[in-house]
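Have a look at the structure below before the remarks.
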Amino acid sequence: MTPSDPATDRFATRAVHAGQSPDPTTGAIMPPVYQTSTYVQPELGGHLGYEYARVQNPTREALEGNVAALEGGAHGIAFASGLSAIEAVIKTLDAGDHVVSEENTYGGTNRMFNHVLSRLGIDFTFVDTRDSDQVQDAMRPETRLVHLETPTNPMMRLCDLEEIAEIAHEGDALLMVDNTFATPYNQRPLAFGADIVVHSTTKYLNGHSDVIGGMIVVDDDALAEEIHFVRKSTGAVPGPMDAWLVLRGTKTLHLRMEAHNRNGMEIARFLEAHPAPVSVFYPGLESHPQHDLARRQMSGFTGMVSLELGDGARAKRMVERTRLFALAESLGGVESLIGVPALMTHASVPEDRRAFMGVTDGLVRLSVGIEDLDDLKADLDGALKGL
Ligand SMILES: *Cc1c(COP(=O)(O)O)cnc(C)c1O
């Protein structure tokens with residue numbers, strides 16, 4: 001048996017095999033959970049490639065090889081969480097450097113940029129990246145990085161990756177894309193010119209709501225070395241059991257995403273035809289203002305759907321009346337979740353900025369799981385009755 005070849009194997013084959021080969025000692029088909037902090041060296045100055053588990057761990061390396069192959073990059077670098085992965089990229093910068101960021105990012109990213117990393121002398125400008133000109137106008141001589149999310153959370157806004165990659169590179173900056181929502185099954189930012197892809201593996205990549213984790217994928221060797229240096233020097237590594245669980249998850253990514261894409265699309269159509277919601281946000285709907293870009297950039301539209309109900313009281317009634325959709329933060333697991341971003345995931349974003357982005361008290365976000373579609377529709381229909 002020879003290892004998977006990311007250059008020739010197709011997505012589903014890479015999902016199952018990339019990054020792994022049978023354990024050389026026993027032939028175990030799954031990489032063992034190397035639950036060890038250190039490695040015995042046969043002689044002084046001659047180790048086997050493994051010295052200390054903050055720096056090297058074989059289980060983690062298997063996961064890194066797997067996700068790198070799915071994103072089409074040469075290097076995967078795993079982290080303890082999605083936020084620590086994003087933080088590590090910012091820590092390759094110097095005080096005085098400038099970052100241009102999408103304004104409608106994950107709430108925690110916004111909080112980290114504004115309240116933690118800005119204190120270290122990194123300057124952030126937030127713009128609406130649906131409009132590439134706004135990115136262009138925000139670029140300065142000291143801009144080193146552009147940070148994007150597409151689709152965004154929870155408004156499902158898109159940005160043009162190819163266009164913004166060009167703007168970033170003209171300004172001598174790198175483009176980082178948070179691909180947590182889309183997943184590599186639906187969108188591969190490196191192919192559009194991005195330099196860094198980041199994931200909260202907590203979400204779709206793990207897919208089973210039982211791990212917090214992060215991942216960076218880059219193609220450039222020197223950039224990978226820089227990020228490895230930051231990780232080894234600051235220490236936000238995932239434990240081997242968590243790495244193993246995410247690896248178990250990515251083996252079925254293609255199957256799960258097919259189901260999420262299908263259920264997401266059908267639920268979005270169902271809600272759009274339903275009289276209760278004021279509007280529905282889903283890039284796969286023809287009514288989405290950036291539907292053409294979505295079709296160019298993505299091959300599927302995931303299970304993330306948002307709907308506006310008009311006021312907070314209606315939103316509260318809906319989310320408290322579902323049976324299958326569980327009222328909870330997070331997304332991307334096999335089970336369906338429901339929430340009110342303004343009071344949950346985006347509570348840390350100041351009220352005026354939330355209003356500006358359209359994150360109202362009446363906005364409900366769904367993470368549509370892989371349950372039976374008719375059961376999910378009946379659940380939502382029941383919760384919307386009489387609103
Ligand atoms: C959840 C999430 C994060 C943060 O990831 P953690 O694993 O919770 O640290 C970052 N970006 C997006 C888009 C997310 O959904």
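The values are calculated or read from the model by the stated rules, or taken from the named source; none is laboratory data. Everything quoted here is computed from the prediction, not taken from an experiment. When we count neighbours, we look across all protein chains shown, and the Cβ atoms used for this are built from the backbone with ideal geometry, even at glycine. Areas reflect the complete protein model, heavy atoms only, side chains present, ligands, DNA and RNA absent. Shrake-Rupley method; radii C 1.70, N 1.55, O 1.52, S 1.80 Å.
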Classify the stretch 1-128 as rounded, prolate or oblate from the Cα gyration tensor: take a ≥ b ≥ c as the square roots of its eigenvalues, call it rounded if a/c is under 1.5, otherwise prolate when a/b beats b/c and oblate if not. oblate
FRET efficiency for Lys385 and Glu286, Cβ-Cβ distance as r, R0 = 25 Å, nearest 0.05? 0.40
Calc'd 3J(HN,Hα), the stretch 11-22, phi into Karplus 6.51 cos²θ - 1.76 cosθ + 1.60 (θ = phi - 60°), Hz, glycine/Pro = x, comes to 3, 4, 5, 4, 4, 7, 10, 4, x, 10, 9, x
Highest first, please rank the peptides 2-10, 323-331 by the mean number of other Cβ atoms sitting within 10 Å of their residues. 323-331, 2-10
Amide N of the stretch 299-320 lying under 16 Å from the label point, which is placed 7 angstrom from the Cα of Val278 along Cα→Cβ: 306-318
Apply 1/(1 + (r/R0)^6) to the Cβ-Cβ distance of Thr2 and Ala74, taking R0 = 30 Å, and write down the FRET efficiency to the nearest 0.05. 0.95
Once you've got the GNM for the chain with C-alpha springs shorter than 10 Å, pick whichever of Thr105, Thr38, Thr345 has the biggest mean-square fluctuation. Thr38
Put a dot 7 Å past each Cα toward the Cβ at Arg262 and His169; how far apart are the dots in nm? 3.8
Given the pairs Lys91/Lys251; Lys203/Lys385; Lys316/Lys377, which span a C-alpha to C-alpha distance of over 27 angstrom in this model? Lys91/Lys251; Lys203/Lys385
Would you look at the GNM of the chain, springs on alpha carbons closer than 10 Å, and say which of Glu51, Glu43, Glu71 moves the most? Glu43
Under the helix-only model (-39500 (n - 2.57) for each DSSP H run of 4 or more, divided by the residues of the chain), the mean residue ellipticity at 222 nm, to 500 deg cm²/dmol, is -10500 deg cm²/dmol
Phi-derived 3J(HN,Hα) across the stretch 247-256 with the Karplus relation (6.51, -1.76, 1.60, θ = phi - 60°), rounded Hz, x for Gly and Pro, is 4, 4, x, 5, 4, 10, 4, 4, 5, 5
Amide hydrogen neighbours beyond the local backbone of Leu174, cut-off 5 Å, H modeled: Leu145, Val146
Could you tell me the center-to-center distance, by alpha carbons, between the stretch 1-39 and the stretch 329-363 in angstrom? 38
Does a label point 7 Å from the Cα of Asp133, set along Cα-to-beta-carbon, have any residues of the stretch 338-380 with amide nitrogen under 14 Å, and which are they? none
Qualifying GluC sites (Glu not before Pro) in the stretch 266-328, DSSP loop, other Cβ atoms within 10 Å at most 11: Glu286, Glu320
So what does log10 I(q)/I(0) come out to for the stretch 306-387 at q = 0.20 Å⁻¹, using the Debye formula with one equal point on every Cα and no solvent? -0.86
Tell me, what is the per residue accessible area of the chain in Å², probe radius 1.4 Å? 42
Find how many whole Å separate the alpha carbon centroid of the stretch 252-294 from the alpha carbon centroid of the stretch 129-171. 24
Which residue fluctuates the most in the chain, going by a Gaussian network model with Cα springs under 10 Å, if the choices are Glu170, Glu87, Glu103? Glu170
Length gained if Thr252 through Arg353 is fully extended, taking 0.36 nm per residue and subtracting the Cα-Cα distance, is 32.6 nm
A student applying the Cα gyration tensor rule (rounded when a/c is under 1.5; otherwise prolate if a/b is larger than b/c, oblate if not) would label the stretch 104-185 oblate
Applying 1/(1 + (r/R0)^6) with R0 = 51 Å to the Cβ-Cβ distance of His115 and Leu44, what FRET efficiency is obtained, to the nearest 0.05? 0.65
Where in the stretch 138-173 is the amide nitrogen less than 17 Å from a point lying 7 Å along the Cα-to-Cβ axis of Thr234? 144-148
How large, in percent, is the carbon and sulfur part of the accessible surface of the chain at a probe radius of 1.4 Å? 52
Once you have all Cα-Cα distances for the chain, histogram them in 20 Å bins from zero and send the whole-percent values. 29, 57, 14, 1
Taking N as the number of residues in the stretch 253-384, what is its Cα Rg relative to 2.2 N^0.38 Å? 1.00
Can you give the translational diffusion coefficient of the stretch 145-238 in µm²/s, computed by Stokes-Einstein from the Kirkwood radius over Cα pairs at 20 °C and 1.002 mPa s? 152
Could you tell me what a quarter of the Cα convex hull surface of the stretch 78-221 works out to, in nm² with one decimal place? 8.0
